[in-house]
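The values are calculated or read from the model by the stated rules, or taken from the named source; none is laboratory data. What you are looking at is a predicted structure, and each value in this text was computed from that prediction instead of being measured. Cβ placement follows ideal geometry from the backbone for every residue including glycine, while neighbour counts extend to all protein chains displayed. For accessibility, only protein heavy atoms count, side chains too; no ligands or nucleic acids. Shrake-Rupley method; radii C 1.70, N 1.55, O 1.52, S 1.80 Å.
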Amino acid sequence: GGGGGGGGARVAGGVVGMEGWGDWSAAAMLALCGAELSVLLCEAALQERSVVLVARSPLGLTSAAEGLLHCLAPLQWAGGYLPVLPDCLADMLHAPVPLLFGVVSADPEADAARMSEEHRDLVVAAVGGEAAGGERVFFPPDPPLLPL
């Protein structure tokens, strides 16, 4: 019996067999990004800023993006989410809503720096590189203060 919907059996935490995915992805994000960069990315996501992760591997992107979402719990990300953004959808980086996207790159550090110059409103981070945590994340400039 039971309605014929797709997918696996559901439990309180999600699909059976997926209970540990969030913990694993959070650990993977820490391994790929380090503690400093992970905290900076969580801060940006909690501020509903658009975040773009740049890495060599789609698996690294997906792990870091899922780990970031898991670290926001009990809050849930309500913005756009594509852990691996296809090249044909690159225009979505101009979306006026918060987004969390991943971009595959052969040179994550250089491409993250280039993207931060082209897209001044995005938080762009190179994931899984060799630079220190704070040197791999590019924040947009602070908006001007309004006079009181």
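Scanning the stretch 44-52 for residues that are in a strand (DSSP E or B) and either open to solvent by less than 20 Å² (accessible area, probe 1.4 Å) or modelled with pLDDT of 90 or more (or both) turns up at least one hit.
Quick one: is residue 142 open to solvent by 30 Å² or more (accessible area, probe 1.4 Å), touching a Ser or Thr at 6+ places or on another chain (Cβ under 7 Å) and modelled with pLDDT under 90? For residue 142, the condition - open to solvent by 30 Å² or more (accessible area, probe 1.4 Å), touching a Ser or Thr at 6+ places or on another chain (Cβ under 7 Å) and modelled with pLDDT under 90 - is not met. Just a yes or no: is a residue in the stretch 105-118 within 28 Å of residue 23 (Cβ to Cβ), open to solvent by 30 Å² or more (accessible area, probe 1.4 Å) and in contact with an Asp or Glu (Cβ under 6 Å, 6 or more places away or on another chain)? Checked the stretch 105-118: no residue is within 28 Å of residue 23 (Cβ to Cβ), open to solvent by 30 Å² or more (accessible area, probe 1.4 Å) and in contact with an Asp or Glu (Cβ under 6 Å, 6 or more places away or on another chain).
Scanning the stretch 74-106 for residues that are over 14 Å from residue 60 (Cα atoms) and in a loop (DSSP other than H, G, I, E, B) yields a total of 11. Checking the stated criteria, residue 116 turns out not to satisfy the condition of being among the hydroxyl-bearing types (Ser, Thr, Tyr), within 18 Å of residue 136 (Cα to Cα) and touching a Gly at 6+ places or on another chain (Cβ under 8 Å).
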